[in-house]
Ligand code: ADP
């Protein structure tokens, strides 16, 4: 089995060649998709934006006609200032109105951009929440997620601006063409031709940018990670204690240098391509100027008309450049958006979870589990069951597979092979989310929500978040109620010091809050992975003494490295390198004198020494 988890279709080469060599006929579809995203996000702002863009362009054509009128009057045999005024006044009004249309289009564009970013972010966040937990173990998932987040967040802004610019430019080209085509159709044809090199260039640039960004994603994430180490709270203590900052800054500096080199090379290639297009375009525009000069000198065109045609040609040239630039941006953005949408589609939620029958028994049979990219199974041929009212303990050395097994039992990981049944019925992938309704978890790396204390508990079942009695009851069970009552605003106190008004708790207190969250869920099956690792020995002892009483009639799967905590379990399952090597009660396993007995004695010995010593003194 391959140890790389980059599926072939997501590799840099595959993506760049597959996606960037899109035939030109796909452009309308790609642009249509981008436009739909904008439309879905903010049709209320898009319509006025487009109206303002079209209006502004039509005003441009009007300006040209007003200028022609002014020129015509100036070129008359006996020009008078008074006769100029109406046309000059119209020119001023049209110019101001055009400027205002541009300003207000910009204002609409800004708001629309925010709307689109919000819409896009919601799409990605919703999809990411639907992703399988194991997806977060895949680098390719993080790369695509990062690209989707940044592109869906920013590209639509480019799309809205480009759409407005495209519509405005086309309107401008059409309006001005209508004004000059009657005077000299030939020039119009050459102008269209002059736009061809610009079009080819903008398409090539779009492909380059897409390929460049794909190649940078992993390095971008690395830089983000390093920056996170330097600016976030969690790593701040070790960063100082181990004086890591200069070293990390150096690594970040190296990564930035590499990126800047890449950007320089990329920008140079882009500039070369763009320069070529500009030169060819310039030559064609020069040819138009020469042709106009020839027409005037051979009296095929009056000077006033030549002036209008020249100005019109310039404006049409600008309009075409604007339109093609916009199409190029749309094309480029559409490639990014398509990548993001394809990613989101892979995470799209399946059918709504089916309600699960009330828990009676969970059984795993010959289950294997391998992490993406891992060379060997983390769980190998594991069979285990837990019934309502039972306490099953998982023990074993570090890395023996306890946490992985706990996650499989909590329906968070899907086994790579083997069978899982719930009340004797096989669990189908579509059932899994529904089953979680009946499961409460407490992980060793539980989350600390920067929300109120009540919310930290109530997140155990958000539907009951406002049930204060239930929050209090769960907190009492977890032994954290009195500490919360001491906080400045009691249960309303914001936890965590990062936001104004927030208060931090100790590690053990946070763990009790997380435990309260698990109680609050009132689920028939509990999966507790080292639930007392941050608590003091008294608190831990007390909790384990009351475990049965606290979770009477419930099934509990308990991971613990402290053997004294699992002695009372109905079944102790000993894991070693992903396999179950022993199962039994504490007494049975001691009698068997196997791995459990050895590990138990090793843990108990120091306490016996202390006990003997104390006895001796007494
Ligand atoms: P335990 O909880 O008993 O300490 P775990 O279930 O966390 O053990 O890990 C079991 C095995 O799976 C270990 O060998 C560990 O290195 C490996 N493992 C854990 N997480 C991952 C991961 N995300 N990717 C690859 N291997 C992993």
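A few comments on the model shown:
- Residues of region 105-140 that are within 21 Å of residue 165 (Cβ to Cβ) and over 15 Å from the mean Cα position of the chain (by Cα): 105, 106, 107, 108, 109, 110, 111, 112, 113, 114, 115.
- No other residue among 270, 264, 240, 221 is loosely packed, with under 11 Cβ neighbours inside 10 Å, out of contact with any strand residue (DSSP E or B) (no Cβ under 9 Å at 6 or more places or on another chain), modelled with pLDDT under 90 and part of a helix (DSSP H, G or I) apart from 240.
- Residue in region 511-532 that is more than 23 Å from residue 409 (Cβ to Cβ) and surrounded by fewer than 20 Cβ atoms within 10 Å (Cβ to Cβ) present: no
- Filtered residues of region 353-395 (kept if within 9 Å of the ligand (Cβ to nearest atom), over 14 Å from residue 571 (Cα atoms) and either at pLDDT below 90 or touching a helix residue (DSSP H, G or I) at 6+ places or on another chain (Cβ under 9 Å) (or both)): 369, 371, 372, 373, 374, 378, 379
- Lone unmet requirement of (1) in contact with a helix residue (DSSP H, G or I) (Cβ under 8 Å, 6 or more places away or on another chain); (2) surrounded by fewer than 16 Cβ atoms within 10 Å (Cβ to Cβ); (3) modelled with pLDDT under 75; (4) assigned to a helix (DSSP H, G or I) for residue 79: (4)
- When residue 485 is tested against (1) assigned to a loop (DSSP other than H, G, I, E, B); (2) modelled with pLDDT of 95 or more, exactly one condition is not met: (1).
- Selection count where residues are under 38 Å from the mean Cα position of the chain (by Cα) and more than 13 Å from the ligand (Cβ to nearest atom), scope region 552-576: 3
- Any chance residue 442 is closer than 25 Å to residue 579 by Cβ, in contact with a helix residue (DSSP H, G or I) (Cβ under 6 Å, 6 or more places away or on another chain) and within 16 Å of the ligand (Cβ to nearest atom): no
- Flag for residue 173 being more than 16 Å from the ligand (Cβ to nearest atom), touching a residue at least 60 places away in the same chain (Cβ under 8 Å) and in a helix (DSSP H, G or I): yes
- For region 577-599, a residue qualifies if it is part of a helix (DSSP H, G or I), surrounded by 15 or more Cβ atoms within 10 Å (Cβ to Cβ) and more than 15 Å from the ligand (Cβ to nearest atom), and the qualifying residues are 586, 589, 590, 597.
- Residue match in region 414-425 (condition: part of a loop (DSSP other than H, G, I, E, B), more than 16 Å from the ligand (Cβ to nearest atom) and over 20 Å from residue 559 (Cα atoms)): yes
- For region 362-383, a residue qualifies if it is in a strand (DSSP E or B) and under 19 Å from residue 135 (Cβ atoms), and the qualifying residues are 368, 369, 379.
The values are calculated or read from the model by the stated rules, or taken from the named source; none is laboratory data. Source: prediction; values computed, not measured. Don't worry about glycine lacking a Cβ; one is built from the backbone with ideal geometry, like all the others, and counts go over all protein chains shown.
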